1. Return the sequence-ordered ³J(HN,Hα) values of region A:750-758 in whole Hz as given by the Karplus equation 6.51 cos²θ - 1.76 cosθ + 1.60 applied to θ = phi - 60°, using x for Gly and Pro.
2. Calculate the translational D of region A:118-159 in whole µm² s⁻¹ from Stokes-Einstein, where the hydrodynamic radius comes from the Kirkwood formula applied to all Cα pairs, the temperature is 37 °C and the viscosity 0.692 mPa s.
3. So, with a 1.4 angstrom probe, what is the percent of accessible area on chain A that is carbon and sulfur?
4. How high is the relative contact order of region A:734-865? Use alpha-carbon pairs under 8 Å, at least six apart in sequence, and give a whole percent.
5. For A:Lys472, put the label point 7 Å out on the Cα→Cβ axis and report which residues of region A:419-441 keep their amide N under 12 Å from it.
6. Using 1/(1 + (r/R0)^6) with R0 = 56 angstrom and r between the beta carbons of A:Glu460 and A:Val622, what's the FRET efficiency to the nearest 0.05?
7. Give the average over all directions of the projected area of the C-alpha convex hull of region A:320-478, one decimal, in nm².
8. Per the helix-only calculation at 222 nm, which mean residue ellipticity applies to chain A, given -39500 (n - 2.57) for every DSSP H run of n ≥ 4 and division by its residues, nearest 500 deg cm²/dmol?
Amino acid sequence: MQDLLTERYDPALIEPAVQAQWDDQRTFAAVEDPAREKFYCLCMFPYPSGRLHMGHVRNYTIGDVIARYQRMLGKNVLQPMGWDAFGLPAENAAIENNVPPAEWTRSNIAYMRGQLQRLGFAYDWSREFATCDPSYYRWEQWFFSRLYEKGLVYRATAVVNWDPVDQTVLANEQVIDGCGWRSGAPVERREIPQWFLRITAYADELLDELDRMDDWPDAVKTMQRNWIGRSEGLSIRFALSDGSGDLEIFTTRPDTLYGATYMAVAPEHPLTLQAAASHADIAAFVESCRHQSTSEAVLEKMEKQGVQLPFTVEHPLTGEALPVWTANFVLMGYGTGAVMSVPAHDQRDWEFARKYQLPIVQVVAPTDDKGADIESAAFTEHGIAINSGSYDGLDFQATFDAIADRLTAEGRAERRVQYRLRDWLVSRQRYWGCPIPVVYDADGECQPESDAQLPVVLPENVAWEGVTSPLKKLPEFATTVLADGRPGSRETDTFDTFFESSWYFSRFCCSDQKESMVDGRADYWMPVDIYIGGIEHAVLHLLYARFFHKAMRDAGLVHSDEPFTRLLTQGMVCKETYFREGTSGRKQYFNPADVDVTTDEKGRAITARLRADGDEVTIGPVEKMSKSKNNGIDPQTLIDRYGADTVRLYTMFAAPPEQSLEWSDTAVEGAFRFLKSLWRLTLRHASERPQEQGNKPLLPALRTLRRHIHETIAKVSDDVSRRYKFNTAIAAVMELVNHLTRAEADTGEAWSVMQEGLETAVLLLAPIVPHITQALWQALGHDGLLAEQTWPVLDSAALDRDTLELVVQVNGKKRAVVNVAPDADRETCEAAALADSNVQKFTTDRVIRKVIVVPGKLVNLVVQD
RNA sequence: GGCGUGGUGGCGGAAUUGGUAGACGCGCUGGACUCAAAAUCCAGUUUCUUCGGAAGUGUGGGUUCGAUUCCCACCCACGCUACCA
């Protein structure tokens, strides 16, 4: 290392040398120690797609900065890394390149692991695993059986996208404009039996706990609340007029019951289907709805349509006969697939009633005197009951309760809580996933595979023909012998990959455990203290993981209610786009690396030309880096050119973690420049070590420099620990380095303050740029690892000032800055302000009506014009 | 439509509890060094200006001695979600 401390900053030599020191000393291996406070820092593990992208770099750098900072505070830190290794892209690669998914995945992991190591992240690699390892997924198979025993697993039919040409089930993202992505054939909807997890059993807890999760972003909590979508209402049975049964509906507005003028049921509702059997027009409508629902784009502007059904129901309060319609806006999947329509107070019902000339009866009046214009739109707010018999004059809650109580007493209704949340469909008709551990006997009766038979191993050396899952064609997998000796067959569906990512954080605590899913080490490390990842996982992954953790808790496996104490959601990494528009209007995008941009004298982009042909390309908006926009910057190229520290520094400096980050190549250059100048400054200083360090009292200039040093410690500590604002932390260190650069180091005392300043800068930057700071730490005369050092301690005495700058305003406008003693009283401040010549220009010959003194900050003189 | 986030120089961003708007960095302009280039260093850089100042944080109001910050109304952008009864 010592021979690397030359005039030239060469990250390509320094970084591997420092990483070798960490590896030799197993610096980041985490060991459970009940005597020490733990800190579990986790980033969402990556899908091994091939190469790291800039989003990964940003995510993992944020996590690494936090983990390394917590280490320096003395905490026992666990920061693991692994691979979310099952998933569709591996199958696609297999089809395209004829490589088995396992092989493709494992070689990607090997490459990406190398990239992560090159970036110098402080991971405990001894805990690494991939979710496609049987030693990992066997335990989720085992846990599936526990959930099955508890009744939290069930089998039911569900609709899938079926490609009639390829004879396979398609994932939603494989359906493009209603057609199969490979075959181009129109996708059909098929109902097949699939496995579900009863997440709805935990709906209330998942919802209620959000109120106590103070360290989660409000945005994410709101999204989860909306997703769970709890609503309280009344389930009411309307009697069919012919006495053949009831039509059950769910409403959150029983207070509008008197305004119900018709009923609307879904096209798939049994009563609709029953009527369709004997009425051609209804059957035709049902058929047209079936086709409409496939394309979501059409749904957006779809007009409300319906057909009247050949029967009526009885209004439970008035006894009036109400017509029943089937309508395309009523969803079979929510509530009972039927609604009571109150056109005066529901916009959809209003539009439908208008179109088909159904009566609109107002039964709620607004509480203010604005009135409600039922002619132009529905009045959907709560108000006072009118036209509602004996309930007139009651407010929303009173009407709700009175009607609910009456109908409940009459046996026509029950209060009910309805969720938008559906049970979690975990079956995937895919090969590259964890086999669902279920076996069937000859009659199709199913049971979970016995624990002794686990894991049900996914065969990895499979011949891939066409596009369908090879599992179904593998007799050695698909056939088996049941526990009682009878012949049986295996489930060939695999788990949704969210299944694996729902508990990997617990497994990291004890990934070498062969006898159980988790052990007592999970009690030491869990819950995760901070979880960092993209906002795109706000609902699905983070909700499934919360549910799974609670299910594991109830099985006695873990002992916390929530898996993630704090959540930090990072913003997207964005970049300008460049494109040309073809004659068909289709855009062809060019990578920023292949485009030259010219600017005017203000630095505004004027034109962009493709380097290959020199012709102009259009400068498009700044968008999230993506394959489709071809605006990705390859991190590896930057690491090769500038080193890991520069890439880490720039990603932390360009924007705060939660905001989107606009990538700028020239600003990366600036980050590199800063590291180079810190390097030069430190080495020059180290070479000037004086014989005598000096112990005279510090001159004012040096006291000021020391104050800057300790102000920086205060600022950076707050930014990193409380605010998670690494951009301003870095800016503060840059400012300190600017001060140090300008300082004269001509005495022993000056050298010592400089030494303190540089040591401080190195320590404060250590979590962000760990390689260069390690080298500089040695240049400053220290042995050993910077990673084992403690965070700098603030010397609050160093913050004391001789004088304070006080801003003087006249009528709120800044007119002067005057110096006063830090403990100056009001009168002194006021006098100093009035004595300033520039202030006097605005105060002479005018009456000072009021003086506001904010101690230590400013004086505002309010004068009469 | 609903929910959420945001709107500040040429650009990324800063201003943490209502108290100096534009920290830090990029870019740009000028200069030094150099045969030259790169690298490096120095100075300047919100706009307008009669060089006194004036205006200025999406728009329009309000509260306040004082508002990027709080309140009301609106506009725009992005994200998620979507006929949820």
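The values are calculated or read from the model by the stated rules, or taken from the named source; none is laboratory data. It should be emphasised that the depicted structure is a prediction, and the values quoted were computed from it without experimental measurement. Cβ sites come from the backbone with ideal geometry, for glycine too, and all protein chains shown count toward neighbours. Accessible surface areas use protein heavy atoms only, side chains included; no ligands, DNA or RNA. Shrake-Rupley method; radii C 1.70, N 1.55, O 1.52, S 1.80 Å.
1. 4, 4, 5, 5, 4, 4, 4, x, 5
2. On the way: Rh = 13.4 Å.
Diffusion coefficient, whole number: 244 µm²/s.
3. Working: 19230 of 39410 Å².
Its accessible area is 49 percent carbon and sulfur atoms.
4. On the way: 153 pairs, mean separation 22.7, N = 132.
17 percent.
5. A:429-431
6. On the way: r = 42 Å, r/R0 = 0.75.
Working from the Cβ atoms, E equals 0.85.
7. Details: hull surface 71.6 nm².
Mean orientational projected area (region A:320-478, Cα hull): 17.9 nm².
8. Working: 25 runs with 295 residues, N = 865.
Roughly -10500 deg cm²/dmol at 222 nm, from the helical runs in chain A.
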